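The structure is given below, and queries will be raised subsequently.
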Amino acid sequence: MIEKLREEIDVIERHLKILKIIVNDGPIGIIKLSEITGFPPHKVRYSLRVLENHNLISPSSNGAVATEGTEEFINEFKNILKEIVKKLENLENALD
């Protein structure tokens with residue numbers, strides 16, 4: 001149960017690291033993203049596909065670029081993370 005949660009968090013973390021690089025340095029391609037992050041190209045490619053499916057990036061001839069909705073998503077995601085942290089703290093306190 002816990003291992004699955006940990007794996008999901010790792011995947012989301014990878015997606016967000018790649019998204020942040022695209023926001024700051026885009027357009028940027030798979031090879032450069034792989035070099036910067038240390039993630040293998042196939043994992044970068046998967047993350048790009050997920051991000052594109054969620055309309056957070058779009059392809060260009062020079063590599064991936066952020067979409068207009070990306071900044072709003074990042075702000076919303078930060079708020080969701082705060083809620084999750086509170087829930088995790090409540091879980092931890094329940095174990096005391």
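The numbers here are math on the coordinates, done by the rules we state, and not lab data. Just so we're clear, the structure is a prediction, and the values are computed from it rather than from any experiment. In this analysis, Cβ positions are derived from the backbone assuming ideal geometry, glycine residues included, and neighbour counts consider all displayed protein chains.
On the given criteria, is Lys43 free of Cβ contacts under 8 Å to residues at least 12 places away in the same chain and either out of contact with any His (no Cβ under 6 Å at 6 or more places or on another chain) or surrounded by fewer than 16 Cβ atoms within 10 Å (Cβ to Cβ) (or both)?
Criteria not met by Lys43.
Got a number for residues in region 5-42 being under 24 Å from Lys78 (Cβ atoms), assigned to a helix (DSSP H, G or I) and not β-branched (Val, Ile, Thr)?
Within region 5-42, the subset under 24 Å from Lys78 (Cβ atoms) is 5-26, 28, 33, 36-37, 39.
If we keep only those that are assigned to a helix (DSSP H, G or I) as well, we get 5-25, 33, 36-37.
Right, trim to not β-branched (Val, Ile, Thr) and you get 5-8, 10, 13-17, 19-20, 24-25, 33.
So the answer is 15.
Being in a loop (DSSP other than H, G, I, E, B) and crowded, with 16+ Cβ neighbours inside 10 Å is the filter here; which residues of region 46-66 pass it? Please lay out each step first, then the result.
Here is the first cut: in region 46-66, the residues in a loop (DSSP other than H, G, I, E, B) are 54-56, 61-62.
Within region 46-66, just Leu56 meets the criteria.
Being within 21 Å of Gly69 (Cα to Cα) and of a type outside the set (A, V, I, L, M, F, W, C) narrows it down to one of Asp10, Asp25, so name that one. Step through it out loud before you land on a result.
Values: Asp10 fails: within 21 Å of Gly69 (Cα to Cα).
On inspection, the qualifying residue turns out to be Asp25.
Looking only at residues that are over 17 Å from Ile12 (Cβ atoms) and among the acidic types (Asp, Glu) in region 67-83, which one is surrounded by the fewest Cβ atoms within 10 Å (Cβ to Cβ)? Please lay out each step first, then the result.
Quick first cut of region 67-83, residues over 17 Å from Ile12 (Cβ atoms) only: 67-69, 71-72.
From what is left, the residues that are among the acidic types (Asp, Glu) are 68, 71-72.
Numbers: Glu68: 8, Glu71: 12, Glu72: 11.
Step by step, filter region 67-83, then rank; the result is Glu68.
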